[in-house]
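A short reminder: the numbers here are calculations on the coordinates, not readings from a lab. As the structure is a computational prediction, the values presented were derived from the model and not from experiment. Cβ placement follows ideal geometry from the backbone for every residue including glycine, while neighbour counts extend to all protein chains displayed.
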Amino acid sequence: MSITDEQKQHLMSLITTEGDAIELYFALAHRFGWQGTFFTRDDVESAWHEMGFSDNESQTVTMTDDVWDKITSDWVWHSGLTERLTELGWEMLNALIAEIYTEQEDQS
């Protein structure tokens, strides 16, 4: 049985904040044993502040919606992060699978 478009729309109407979406993601990940990573605006704003950008008066410069739009429209955001994280993730997962397989072979 698959979920209908109407059911999807109803579920989406219940998710009104980014926090709701993150909670739902983690609940689904826990239920189905998913693993993954994602970056939110809060993550980007934290990095922005940690980098210490400031204006001429040594005041921290706020990350604006315009900056956020530029970041999220860049190739790095749309493809680059996914490609790099996926590549490294598969390397690590393949190494783990090989290690576990070797351990099982050694035990038999």
- Note on the structure: In segment 1-62, the GluC sites (Glu not before Pro) that sit in a DSSP loop and have at most 13 other Cβ atoms within 10 Å of their own Cβ are Glu57
- Item | Volume per residue that the Cα convex hull of segment 35-107 spans, once the total is divided by residue count, Å³ | 111 Å³
- Task: Relative to the longest principal axis of the C-alpha atoms of the chain, give the angle of the C-alpha long axis of helix 81-107, reported between 0 and 90° and rounded to the nearest 10°.
- Result: 20 degrees
- Message: Run lengths n ≥ 4 of DSSP H only: what is the helix-derived mean residue ellipticity at 222 nm for the chain, with -39500 (n - 2.57) per run over all residues, to the nearest 500?
- Response: -21000 deg cm²/dmol
